[in-house]
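Asker: Attaching a single structure in structure tokens format; questions to follow.
The values are calculated or read from the model by the stated rules, or taken from the named source; none is laboratory data. A quick note: this is a predicted structure, and the numbers were derived from the prediction, not measured. Glycine also receives a Cβ, built like all others from the backbone with ideal geometry; neighbour counts cover every protein chain displayed. Accessible surface areas use protein heavy atoms only, side chains included; no ligands, DNA or RNA. Shrake-Rupley method; radii C 1.70, N 1.55, O 1.52, S 1.80 Å.
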Amino acid sequence: MVNYEMTYTGSPRVLYNLATVMQELGYRPSVWTFNLGGFEHEFKDIDIDVQVITIEEMNSGRLDREIKKYKFVIVNTIFCIDFAVYAQQFRKTFLYIMEASNILHLMRDCNLNEKKIYQVKNIVCVSEYAKKSIYRLYGIENIYVLHNFVVKWSPNESKKGSRDKIRFLVSGTIEYRKGQDIALMA
């Protein structure tokens, strides 16, 4: 499993949730990242080491043999699209895209090669909305949907706070398109 960074934001949390599901299914996932950021400790708490990789290692071919050791590769977010194109040469690779209508802006603002999306063999996204957005922007039809999920939680499990309050956490970027304003107003 590959993620661009290990900050306390949405994409590492999604990867963490996927990793826990993989563990429950009997897999032993490995996590690679291009940038550490503190969230790697969350993975260590569930016995998954996080290995830092570099673009140089990818370009030199050093990771080729490593990738071949795995059954498949999950590459998380559009920010790792170059790695998805690279890894699929050696193992079945899934690019898990959480972005939707903002994908075009992200690709351009972050100097990502938009044409790479046509080279990815297996694209998975988080919703029907994202699937339609990707189709509208790029005309790609063969996209799988794997919905985001929230880990079961009960206020009774909480050690802090009271039952009178609801604590709301926004992980990741705050954007109008996400409708977070509605949740906050509620």
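Asker: Give me a count of the residues in segment 111-131 that are open to solvent by 60 Å² or more (accessible area, probe 1.4 Å), more than 23 Å from Asn17 (Cα to Cα) and touching a residue at least 24 places away in the same chain (Cβ under 8 Å).
Answerer: Residues meeting the conditions: 3.
Asker: Hey, among the residues in segment 38-58 that are open to solvent by 40 Å² or more (accessible area, probe 1.4 Å) and in a loop (DSSP other than H, G, I, E, B), which one's nearest to Met22 (Cα to Cα)?
Answerer: Asp47
Asker: Residues Gly161, Gly172: which one is modelled with pLDDT under 90, in a loop (DSSP other than H, G, I, E, B) and within 17 Å of Phe79 (Cα to Cα)? Give the steps one after another, and end with the answer.
Answerer: Values: Gly161 fails: within 17 Å of Phe79 (Cα to Cα).
Within the list Gly161, Gly172, the selection yields Gly172.
Asker: Across segment 132-158, which residue is modelled with the lowest pLDDT among those that are surrounded by 10 or more Cβ atoms within 10 Å (Cβ to Cβ) and part of a loop (DSSP other than H, G, I, E, B)? Give the steps one after another, and end with the answer.
Answerer: Kept after step one, since they are surrounded by 10 or more Cβ atoms within 10 Å (Cβ to Cβ), are these residues of segment 132-158: 132-138, 140, 143-146, 148-149, 155, 158.
Add one more test, that the residue is part of a loop (DSSP other than H, G, I, E, B), and what stays is 140, 146, 148-149, 158.
Numbers: Ile140: 94, Leu146: 91, Asn148: 77, Phe149: 70, Ser158: 55.
Checked segment 132-158; the qualifying residue modelled with the lowest pLDDT is Ser158.
Asker: Cβ-Cβ under 6 Å, sequence separation 6+ or interchain: first residue in segment 5-19 and surrounded by 19 or more Cβ atoms within 10 Å (Cβ to Cβ), partner in a helix (DSSP H, G or I). Which pairs?
Answerer: Pairs that qualify, where the first residue is surrounded by 19 or more Cβ atoms within 10 Å (Cβ to Cβ) and the partner is in a helix (DSSP H, G or I), are Met6/Pro12; Met6/Glu40; Tyr16/Glu42.
Asker: Another one. Any residue at all in segment 72-86 that's surrounded by fewer than 19 Cβ atoms within 10 Å (Cβ to Cβ) and farther than 26 Å from Gln180 by Cα?
Answerer: Yes, segment 72-86 has at least one match.
Asker: Related question: Which of the residues belonging to segment 59-78 are in a helix (DSSP H, G or I) and either modelled with pLDDT of 95 or more or more than 27 Å from Asn102 (Cβ to Cβ) (or both)? So that I can check it myself, show each step before the final result.
Answerer: Step one: filter segment 59-78 for residues in a helix (DSSP H, G or I), giving 59-60, 62-68, 78.
Asn59, Ser60, Arg62, Leu63, Asp64, Arg65, Glu66, Ile67, Lys68, listed by residue number.
Asker: Quick one: count up the residues across segment 22-37 that are within 16 Å of Phe72 (Cβ to Cβ), among the hydroxyl-bearing types (Ser, Thr, Tyr) and crowded, with 17+ Cβ neighbours inside 10 Å.
Answerer: Restricting attention to segment 22-37, the residues satisfying the condition of being within 16 Å of Phe72 (Cβ to Cβ) are 22-23, 25-32.
Then keep just the ones that are among the hydroxyl-bearing types (Ser, Thr, Tyr); that gives 27, 30.
In the following step, the residues that additionally are crowded, with 17+ Cβ neighbours inside 10 Å were identified as 30.
Residues in segment 22-37 being within 16 Å of Phe72 (Cβ to Cβ), among the hydroxyl-bearing types (Ser, Thr, Tyr) and crowded, with 17+ Cβ neighbours inside 10 Å: 1 in total.
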